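A.B. asks: Got a structure for you, questions after.
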Amino acid sequence: MASNQQVQERVKALVAELLAEEELIDRRANINDIEDAMVRIGDMVAREFGIGVLARHTSQPPEDPPCPDCGHAGEHQGEQTRDVITRRGEVPLTEAKYRCPKCRRLFFPSECSTGT
């Protein structure tokens, strides 16, 4: 995993690239306009980061995960996409869905590992 300093350097490079490509904010903007742009861009970065991390985290579901109610092995029922509400807004999450043949409950193994 990259250190905070490495991440900060990459973010600085991205910001410099964005600023060089186009005018992100009007030159007549006041401090409130600038801060609004900062928050908007920060939210975009956070959302993309969340999408990537969650996708990586749920890309390989466990083989025959146990039902959280009875412990019986679940049967894969495809995938489902839902929005997870984070402090920075909604982030889509696609995860494997399972059904317990014993108690007929649908469950998502990622709920246990991601806390969603």
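Values quoted throughout were computed directly from the atomic coordinates according to the rules given, and no laboratory measurement underlies them. Note that this is a predicted model, so its numbers are computed, not measured. FYI the Cβ positions are ideal-geometry reconstructions off the backbone, even for glycines, and counts take in every protein chain you see.
A.B. asks: Pairing the Cα long axis of helix 31-58 with the longest principal axis of the chain, what angle in degrees results, from 0 to 90 and rounded to the nearest 10?
C.D. replies: 30
A.B. asks: Still on this structure, I have one more. I'm checking a number: the convex hull volume of the Cα atoms of the chain, normalised per residue, in Å³. What is it? If you can, show how the numbers build up before the last one.
C.D. replies: Details: hull volume 15.5 nm³, N = 116.
Hull volume normalised by residue count: 133 Å³.
A.B. asks: Which value, in debye to the nearest 20, describes the size of the charge dipole of the stretch 1-40 about its Cα centre when Lys and Arg Cβ atoms bear +1, Asp and Glu Cβ atoms bear -1, and nothing else is charged?
C.D. replies: For the stretch 1-40, the charge dipole is close to 160 debye.
A.B. asks: Just to confirm the number: angle between the C-alpha axis of helix 4-21 and the first principal axis of the chain, 0 to 90 degrees, nearest 10?
C.D. replies: 60
A.B. asks: Given H placed 1.01 Å from N in the peptide plane, which residues other than close sequence neighbours of R105 have an amide H under 5 Å from its amide H?
C.D. replies: Hits under the 5 Å cutoff: C100.
A.B. asks: Follow-up question, since we're still on this one. What order do you get for R99, R87, R82 when you list them from fewest to most C-beta neighbours inside 10 Å?
C.D. replies: By the 10 Å Cβ count, ascending: R87, R82, R99.
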